[in-house]
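The values are calculated or read from the model by the stated rules, or taken from the named source; none is laboratory data. Keep in mind that this is a model prediction, so the values were computed, not measured. Positions of Cβ are generated from backbone atoms using ideal geometry, with glycine treated the same way; all protein chains shown enter the neighbour counts. Protein only, heavy atoms only, side chains kept; ligands, DNA and RNA dropped before computing areas. Shrake-Rupley method; radii C 1.70, N 1.55, O 1.52, S 1.80 Å.
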Amino acid sequence: MKNIFLQISLLVILFFSVLGVLNQVDWLQLFRVEKITTSTEKKLGDLFWDLYHSSKDEIKNDSVHRIMDSLLTHICSSNQIDKKSIKLHIVKSAEVNAFALPNQHLVINTALIDSCKNESELCGVIGHEMAHMQHDHVMKKLIKEIGLSLLISITTGNAGAEKINEVIKLLTSSAYDRKLEKQADITAVDYLEKSTINPANFANFLARLGQKETTSSQYLSWINTHPDSKERAKYILEHCNKMAVKAKPVLADSSFSQLKKLLQ
Amino acid sequence: MIALNKFFVEPTEHEIEKASNSYLMSLIALMAGLPFPIINLLATLIFYLGNRKGTYFVRWHCTQALLSQLSLLFVNSYGFWWTISIIFTTEKISNHYIAYMLTAFVFNVFEMIATIYTAIHTRKGKHIEWWCYGNITNAICKP
């Protein structure tokens, strides 16, 4: 019997020894996993943005971009996120919407900026979309709903225009699953707290849009596609209450109202 | 790792065939159910249950085949659910994942080679005892 236990132990040790040795190898680099993923993501992101962009009016105003960049830079630098990798686009649209495309393209509609009462609310939405990008939710969602083979065929130009439009619609108009949305919300709260921005304002924004949702919701895409906004507001508040945040303004007093004026 | 021992009774042709089939059963199931680790175990378990009242030689080999599948079940199940979590959740492919899957693959290949070798030799009437598994089988399978 003692012999059996010794042999079982040796077998277990052998398994973990092989695992330990194989763990020393950088397989991702060896199989070029990250390189392949990054290049596919880059091609997809640029392709989707070009197609989406062709049918929309992008805001190129320097003053608008300067103000938006200040907010983005503040959140990125407070959270050690490489700001250069994020491509911010502001699109003129009556739809309250913001979304992330592959390869870190962050698209924010003018109507969404307009519906924010202060910079913290806008930072909350930016933080939420950045969280989707940082957690790789965009590619995960695409692979899950579209399939890797179709995504690769899109990058090689073998997929039809209809299919590509379908994918863009999926990215711009439908939410991630509940678990990923919650993860993005909680991460956004962490980003905001590290950036000394009060996350309660983000919860207020969700609650306010959630109320509008019941009346006229034709243009409230960001809320319509993110279910249970009241519930989200609740758990955001619960999460942020645990940490006391000394909020500090990111922009100068008049900058946010100036941003809204510039977009009108 | 694999020892060729003399069995204390000379098995009949019918016993040899059944004992050899217990290994083949796990191989066929391995081909059919490669992504689903439970299938291999179920196949050998069903074969074992069907022969638990068989002769000692048949029972002994069914038990050894079952034990080999049982240990791989844990290894393969962990790998299977890890893969599922990569496909359906936020879990990403990592160096640890690839290392684990390669380790599981190496152990599966060794098990498969040992199974094929044992199935062939058992069919010839030889009694093959695996290192570790043979001793466990001797401990739990009595004449």
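Could you list, in sequence order, all residues of the stretch A:87-98 that are modelled with pLDDT of 90 or more and open to solvent by 10 Å² or more (accessible area, probe 1.4 Å)?
A:87, A:88, A:89, A:92
Could you tell me whether any residue of the stretch A:14-21 is away from chain B (no Cβ under 13 Å) and among the small types (Gly, Ala, Ser)?
Taking every residue of the stretch A:14-21 in turn, none turns out to be away from chain B (no Cβ under 13 Å) and among the small types (Gly, Ala, Ser).
Report, by residue number, each residue of the stretch B:76-99 that is surrounded by fewer than 19 Cβ atoms within 10 Å (Cβ to Cβ), part of a helix (DSSP H, G or I) and within 8 Å of chain A (Cβ to nearest Cβ).
The answer is B:87, B:88, B:95, B:96.
Given the criterion closer than 22 Å to residue A:139 by Cα, open to solvent by 100 Å² or more (accessible area, probe 1.4 Å) and facing chain B (nearest Cβ under 9 Å), identify the matching residue among A:24, A:29.
Unique residue meeting the criteria: A:29.
Give me the pairs, please: first residue somewhere in the stretch B:43-56 and under 18 Å from residue B:13 (Cα atoms), second residue anywhere and in a loop (DSSP other than H, G, I, E, B) and open to solvent by 30 Å² or more (accessible area, probe 1.4 Å), beta-carbon distance under 7 Å, and either six or more positions apart or on two chains.
Once the first residue is under 18 Å from residue B:13 (Cα atoms) and sits in the stretch B:43-56, its partners that are in a loop (DSSP other than H, G, I, E, B) and open to solvent by 30 Å² or more (accessible area, probe 1.4 Å) give B:56/B:143.
Checking the structure you have, find out if any residue of the stretch B:53-62 is open to solvent by 30 Å² or more (accessible area, probe 1.4 Å), within 12 Å of chain A (Cβ to nearest Cβ) and not in a loop (DSSP other than H, G, I, E, B).
No: zero hits.
Mind checking whether some residue in the stretch A:151-163 is surrounded by fewer than 17 Cβ atoms within 10 Å (Cβ to Cβ), of a type outside the set (Ser, Thr, Tyr), within 22 Å of residue B:93 (Cα to Cα) and in contact with a helix residue (DSSP H, G or I) (Cβ under 8 Å, 6 or more places away or on another chain)?
yes
Listed here are the residues, each with its yes/no results for (1) in contact (Cβ under 8 Å) with a residue 12 or more places away in the chain; (2) more than 22 Å from residue B:79 (Cα to Cα).
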{"position": "A:11", "(1), (2)": "no, no"}
{"position": "A:15", "(1), (2)": "no, no"}
{"position": "A:18", "(1), (2)": "no, no"}
{"position": "A:27", "(1), (2)": "no, no"}
{"position": "A:58", "(1), (2)": "yes, yes"}
{"position": "A:66", "(1), (2)": "no, yes"}
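Between a residue in the stretch B:125-139 that is farther than 13 Å from residue B:63 by Cα and any residue that is among the aliphatic types (A, V, I, L, M) and assigned to a loop (DSSP other than H, G, I, E, B), which pairs come within a Cβ distance under 8 Å, given they are 6 or more apart or on different chains?
From the stretch B:125-139, the pairs are B:131/B:1.
Could you list, in sequence order, the residues of the stretch B:105-122 that are touching a Leu at 6+ places or on another chain (Cβ under 9 Å) and either surrounded by fewer than 18 Cβ atoms within 10 Å (Cβ to Cβ) or not acidic (Asp, Glu) (or both)?
Of everything in the stretch B:105-122, those that are touching a Leu at 6+ places or on another chain (Cβ under 9 Å) and either surrounded by fewer than 18 Cβ atoms within 10 Å (Cβ to Cβ) or not acidic (Asp, Glu) (or both) turn out to be B:106, B:107, B:108, B:112, B:115, B:116, B:119, B:121.
Suppose we filter B:118, B:137, B:122 for residues that are within 11 Å of chain A (Cβ to nearest Cβ) and not small (Gly, Ala, Ser); which single one remains?
B:137
Can you pull out every residue in the stretch A:102-121 that is open to solvent by 30 Å² or more (accessible area, probe 1.4 Å) and within 16 Å of the chain's Cα centre (by Cα)?
The answer is A:104, and nothing else.
Is it the case that the stretch A:40-47 has a residue that's more than 11 Å from every other protein chain (Cβ to nearest Cβ), open to solvent by 100 Å² or more (accessible area, probe 1.4 Å) and within 28 Å of residue A:102 (Cβ to Cβ)?
Yes: the stretch A:40-47 contains one or more residues that are more than 11 Å from every other protein chain (Cβ to nearest Cβ), open to solvent by 100 Å² or more (accessible area, probe 1.4 Å) and within 28 Å of residue A:102 (Cβ to Cβ).
Tell me the residue from B:77, B:68 that is touching a residue at least 40 places away in the same chain (Cβ under 8 Å), over 30 Å from residue A:26 (Cβ atoms) and not hydrophobic (A, V, I, L, M, F, W, C), please.
Being touching a residue at least 40 places away in the same chain (Cβ under 8 Å), over 30 Å from residue A:26 (Cβ atoms) and not hydrophobic (A, V, I, L, M, F, W, C) holds for just one of B:77, B:68, which is B:68.
Given the conditions (1) small (Gly, Ala, Ser); (2) closer than 22 Å to residue A:23 by Cβ; (3) touching a Lys or Arg at 6+ places or on another chain (Cβ under 6 Å), and given that residue B:71 satisfies all but one, which numbered condition is not satisfied?
Condition not satisfied by residue B:71: (3).
Looking at (1) within 13 Å of the chain's Cα centre (by Cα); (2) open to solvent by less than 30 Å² (accessible area, probe 1.4 Å); (3) in contact (Cβ under 8 Å) with a residue 24 or more places away in the chain, can you tell me which one residue B:29 breaks?
Among (1) within 13 Å of the chain's Cα centre (by Cα); (2) open to solvent by less than 30 Å² (accessible area, probe 1.4 Å); (3) in contact (Cβ under 8 Å) with a residue 24 or more places away in the chain, residue B:29 violates only (3).
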